[in-house]
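The values are calculated or read from the model by the stated rules, or taken from the named source; none is laboratory data. Just so we're clear, the structure is a prediction, and the values are computed from it rather than from any experiment. Cβ placement follows ideal geometry from the backbone for every residue including glycine, while neighbour counts extend to all protein chains displayed. In case anyone asks, the SASA skips ligands and DNA or RNA and just uses the protein heavy atoms, side chains included. Shrake-Rupley method; radii C 1.70, N 1.55, O 1.52, S 1.80 Å.
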Amino acid sequence: MGIVYDEQWITTRREIGVCNGAIKTYEKLIKRMEEKYGMKTSDLIEKLRNDETADNPDFRKWYDTCLALERCRKRKEELEAFIQ
């Protein structure tokens with residue numbers, strides 16, 4: 001009998017792949033925004049904390065993308081720890 005793969009392992013590896021794809025997409029979007037506005041993400045976050053740019057919908061989308069990226073990285077990390 002050949003190698004038998006555990007269903008949880010297969011599903012988890014698939015989810016890690018989904019996370020990798022999402023991370024790449026989020027990173028590209030963030031890079032585009034940094035180039036478009038000539039500003040680093042850390043500068044954007046500081047401006048949002050000071051309520052300087054709250055009226056710009058692009059900045060809100062940029063910030064939301066940063067949050068999604070962090071959640072996705074955390075999920076990937078948890079999934080990788082699960083299959084270790």
Which of the following residues is among the hydroxyl-bearing types (Ser, Thr, Tyr) and open to solvent by 60 Å² or more (accessible area, probe 1.4 Å): 11, 25? 25
Find the residue count for the stretch 68-84, including only residues that are open to solvent by 70 Å² or more (accessible area, probe 1.4 Å) and under 20 Å from residue 24 (Cα atoms). 7
How many residues are open to solvent by less than 60 Å² (accessible area, probe 1.4 Å) and either modelled with pLDDT of 90 or more or in contact with a Cys (Cβ under 9 Å, 6 or more places away or on another chain) (or both) when one looks only at the stretch 36-55? 4
